[in-house]
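Since the structure comes first, as C-alpha cells, the remarks are kept for the end.
The values are calculated or read from the model by the stated rules, or taken from the named source; none is laboratory data. Note that the coordinates shown come from a computational prediction; the quantities given were computed from them, not determined experimentally. Reconstructed Cβ throughout: ideal geometry from the backbone, glycine too, with neighbour counts over all protein chains shown. Just the protein is used for accessible areas: all its heavy atoms, side chains included, with ligands, DNA and RNA removed. Shrake-Rupley method; radii C 1.70, N 1.55, O 1.52, S 1.80 Å.
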Amino acid sequence: MISKAIKGNRDAYIIATKFGFEINDNEELTWQFNGKKEYVKKAVERSLKNLGTDYIDLYYLHRVDPNTPIEETILAMSDLVKEGKVGYIGLSEVSSETIRKAHNIHPLTAVQSEYSLFERSIEEDGIIKTLEELQIGVVAYSPLGRGFISGEIQHPQDLAENDFRRTIPRFQGEQFYKNIELLNEIKLIADERKITASQLALAWIASKGFLAIPGTKRVKYVEQNIEAAQLILTTEELNRLENIIPLGTITGNRYDESGMKSVNL
C-alpha cells in the first residue's frame, strides 16, 4: 500500500521501517529475533522491494537479538548507510547500555519505545536521559496507551476475544478500572481546552520534544492527530497532567510476563 502511495513522488516522504523479528524465506514469521549480519542484508532488501524504493530514510532494529552482539548488528546497519540503502539508523526497546554500545559503532538517530501518559518506564529507567545526553531522538509508539486514552474502551469486555490487549496487565481486572479513574481526570483538562484526551496526550509528548507515532484506520483521527501537533500546552496544564500520573504511578506493564523479557535489553 505504501509503495503505491509514494510511487512517482518518493522524495516527498520520510520512510521509516524496521527489522528484527525474523521472517524466513517462505515469508513466515518465526517469532525469533535475528540481528545477524547476513539477516540484516536480507531484511533490508525485502523492505526495499516491498516499498518500491531504493532507499529507506530511517531503519530500526526491532528488537535486540540476545544471541548476536549488538556491535555485529550495528556494523551491518552501518554498511547499509555507506551503500546508500539507508539514511539513518535507530533501535527499538533498548537499554541505556545497549544504546551507548551501538552509538559508539555508528551514530543513532532515533530510539523507538512505548511512551505515553500511562507508560513512562524509559523515563524512570534513565533511558530518556541517556538519549538526551547523546542527542538521539525519542520516537514514542503507542502514545495513546494502545488506544486506552481514546476512552473508547470502558470495560475489559469491550475488547474482542482475540484482541492482543487482553493479555496486557494495563487492561486487566482492578488495574483497568484504576486507570479509568486516572483517564477521567485527564479528560477534565481536555474538556477545558475543547480537545480530545487523545489530542491532549499527543500534545504532552510533543511538549517534551519527542515524536509520537499514533496509529489509526480512520481519516478523521489522522486529522485530529495532525491538529494535536500544533497544540501548545501551558505550564499549568503540563503540571496538572504530571500530577495526575506522576512518575512511579503503577498503571500495569505494557506486555505480559514473557513479552517484558524482550524489552530494554
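Side notes on the structure shown:
- Each residue in the range 5-29 was checked for being more than 15 Å from LEU48 (Cβ to Cβ), assigned to a strand (DSSP E or B) and of a type outside the set (A, V, I, L, M), and 3 pass.
- Being assigned to a helix (DSSP H, G or I) and either within 19 Å of SER121 (Cβ to Cβ) or at pLDDT below 95 (or both) is a description that does not apply to LEU200.
- Of all residues in the range 52-65 being among the acidic types (Asp, Glu) and either at pLDDT below 95 or surrounded by fewer than 19 Cβ atoms within 10 Å (Cβ to Cβ) (or both), the one that is farthest from the chain's Cα centre (by Cα): ASP54
- Of all residues in the range 214-256, those being exposed (fewer than 15 other Cβ atoms within 10 Å of the Cβ), in contact (Cβ under 8 Å) with a residue 24 or more places away in the chain and of a type in the set (Val, Ile, Thr) number 3.
- Scanning the range 170-196 for residues that are open to solvent by 10 Å² or more (accessible area, probe 1.4 Å), of a type in the set (A, V, I, L, M, F, W, C) and not in a loop (DSSP other than H, G, I, E, B) gives ILE180, LEU182, LEU188.
A quick yes/no check of all residues on (1) at pLDDT 95 or above; (2) within 23 Å of ILE99 (Cα to Cα); (3) not in a strand (DSSP E or B):
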| site | (1), (2), (3) |
| --- | --- |
| SER3 | yes, no, yes |
| TRP31 | no, no, no |
| TYR39 | yes, yes, yes |
| LYS42 | yes, no, yes |
| ASN50 | yes, no, yes |
| ASN67 | yes, yes, yes |
| ALA76 | yes, yes, yes |
| LEU80 | yes, yes, yes |
